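Read through the structure below, which is laid out as structure tokens, and then see the notes.
The values are calculated or read from the model by the stated rules, or taken from the named source; none is laboratory data. No experiment lies behind these values; they were computed from the predicted model shown. Cβ placement follows ideal geometry from the backbone for every residue including glycine, while neighbour counts extend to all protein chains displayed. Accessible surface areas use protein heavy atoms only, side chains included; no ligands, DNA or RNA. Shrake-Rupley method; radii C 1.70, N 1.55, O 1.52, S 1.80 Å.
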Amino acid sequence: AQRVTQPEKLLSVFKGAPVELKCNYSYSGSPELFWYVQYSRQRLQLLLRHISRESIKGFTADLNKGETSFHLKKPFAQEEDSAMYYCALSVGDSWGKLQFGAGTQVVVTP
Amino acid sequence: ETGVTQSPTHLIKTRGQQVTLRCSSQSGHNTVSWYQQALGQGPQFIFQYYREEENGRGNFPPRFSGLQFPNYSSELNVNALELDDSALYLCASSSTGTNEKLFFGSGTQLSVL
């Protein structure tokens, strides 16, 4: 069965420090992976997806099929990065069918 | 361009009752997906509707059912409510295609007493 694991519930970092959010997955098929973010009092929104290989707001994520991981990284955290981050795996023929991890709360302190 | 809207925002029901939650999809989107988010957990996929037909279902019992209307809005119905159904219910709309992206609503907070 497919599963997404985010081992850290809370990540507290100082402004300007690097931040890395871990995500591991299990899936028998070819994975499509995403990071979603929810800022305070805002809706859940897509941050980035592995297929795009893009950097959004300074964040990058590389799919490592050997380690079944999709960790999210940013070299220099900003206060506005404080949010809830969810790793998600597409489990069907549509990107609307997602298996989410439990989420990691990131707090960036000045 | 209007976003995804859900109603009501909050709802309190008692065990055994039935509830209907509503979702208006973003303009131009033909697919609606529903998720249940329990406290401290990530969203869990309930089912998806595409062109008024169910197009995939997660691990939820049949008392969770849905509808999609010709204007692509959608309803989630839950019968015989249980205490564990207390959660935030999220609706997300998207447009099928190679660049599919989900747009989420703010959710309906359901409390079952």
(request) Of the conditions (1) modelled with pLDDT under 95; (2) surrounded by fewer than 18 Cβ atoms within 10 Å (Cβ to Cβ), A:GLU80 clears all except one; give me its number. (result) (1)
(request) State whether one or more residues within the stretch A:79-96 are at the interface with chain B (Cβ under 8 Å from one of its Cβ atoms), β-branched (Val, Ile, Thr) and touching a residue at least 60 places away in the same chain (Cβ under 8 Å). (result) yes
(request) For B:LEU90, indicate whether it is in contact with a Ser or Thr (Cβ under 6 Å, 6 or more places away or on another chain) and open to solvent by less than 20 Å² (accessible area, probe 1.4 Å). (result) no
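Check the stretch A:1-24 and report whether any residue there is among the β-branched types (Val, Ile, Thr), touching a Gly at 6+ places or on another chain (Cβ under 8 Å) and more than 18 Å from A:VAL108 (Cα to Cα).
Within the stretch A:1-24, the subset among the β-branched types (Val, Ile, Thr) is A:4-5, A:13, A:19.
Those still in the list that are touching a Gly at 6+ places or on another chain (Cβ under 8 Å) too: A:4-5.
Checking which are more than 18 Å from A:VAL108 (Cα to Cα) leaves us with A:4-5.
The answer is yes, given that some residue of the stretch A:1-24 is among the β-branched types (Val, Ile, Thr), touching a Gly at 6+ places or on another chain (Cβ under 8 Å) and more than 18 Å from A:VAL108 (Cα to Cα).
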(message) Taking the condition of being aliphatic (A, V, I, L, M) and in contact with a Phe, Trp or Tyr (Cβ under 6 Å, 6 or more places away or on another chain), how many residues in the stretch B:33-53 meet it?
(response) 1
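Looking only at the stretch B:80-105, count how many residues are within 14 Å of the chain's Cα centre (by Cα) and more than 23 Å from A:SER90 (Cβ to Cβ). Steps first, answer last, please.
We begin by selecting, within the stretch B:80-105, every residue within 14 Å of the chain's Cα centre (by Cα); these are B:85-94, B:102-105.
Filter once more, so that each one left must be more than 23 Å from A:SER90 (Cβ to Cβ): B:85-86.
Summing the residues that are within 14 Å of the chain's Cα centre (by Cα) and more than 23 Å from A:SER90 (Cβ to Cβ) in the stretch B:80-105 gives 2.
I want to confirm something. Restricting to the stretch B:17-60 and keeping residues that are among the β-branched types (Val, Ile, Thr) and without any contact (Cβ under 8 Å) to a residue 60 or more places away in the chain, which single residue is farthest from A:ALA1 (Cα to Cα)?
The first filter runs over the stretch B:17-60 and keeps only residues among the β-branched types (Val, Ile, Thr), leaving B:19-20, B:31-32, B:46.
Narrowing further to those that are without any contact (Cβ under 8 Å) to a residue 60 or more places away in the chain: B:20, B:46.
Details: B:THR20: 30, B:ILE46: 16 Å.
Selected residue: B:THR20.
Output the number of residues of the stretch A:87-110 satisfying the condition of being closer than 14 Å to A:THR5 by Cβ and open to solvent by 10 Å² or more (accessible area, probe 1.4 Å). Quick ask: steps written out before the conclusion?
So the first thing to find is which residues in the stretch A:87-110 are closer than 14 Å to A:THR5 by Cβ, and the list is A:87-89, A:99-104.
Next cut, open to solvent by 10 Å² or more (accessible area, probe 1.4 Å) only: A:99-100, A:102.
Summing the residues that are closer than 14 Å to A:THR5 by Cβ and open to solvent by 10 Å² or more (accessible area, probe 1.4 Å) in the stretch A:87-110 gives 3.
Would you check which residues across the stretch B:13-32 are modelled with pLDDT of 95 or more and buried (at least 20 other Cβ atoms within 10 Å of the Cβ) and list them?
Taking the stretch B:13-32 and keeping what is modelled with pLDDT of 95 or more, we get B:13-24.
Those that are modelled with pLDDT of 95 or more and buried (at least 20 other Cβ atoms within 10 Å of the Cβ): B:LEU21, B:CYS23, B:SER24.
Suppose the filter is charged (D, E, K, R) and closer than 16 Å to A:LEU44 by Cβ; does B:LYS101 pass it?
Values: charged (D, E, K, R): yes; closer than 16 Å to A:LEU44 by Cβ: yes.
It is true that B:LYS101 is charged (D, E, K, R) and closer than 16 Å to A:LEU44 by Cβ.
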(request) Please specify each residue of the stretch B:39-57 satisfying the condition of being facing chain A (nearest Cβ under 10 Å) and open to solvent by 30 Å² or more (accessible area, probe 1.4 Å). (result) B:GLY40, B:GLN41, B:GLN44, B:TYR50, B:ASN55, B:ARG57
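Would you be able to tell me the number of residues in the stretch A:56-74 that are open to solvent by less than 70 Å² (accessible area, probe 1.4 Å), more than 11 Å from A:CYS23 (Cα to Cα) and not aliphatic (A, V, I, L, M)? Break it down into steps so the answer makes sense when it comes.
Quick first cut of the stretch A:56-74, residues open to solvent by less than 70 Å² (accessible area, probe 1.4 Å) only: A:56, A:58-61, A:63-64, A:68-72, A:74.
Retained after the next criterion (residues that are more than 11 Å from A:CYS23 (Cα to Cα)): A:56, A:58-60, A:74.
Now narrow it down to the ones that are not aliphatic (A, V, I, L, M): A:58-60, A:74.
Residues meeting the conditions: 4.
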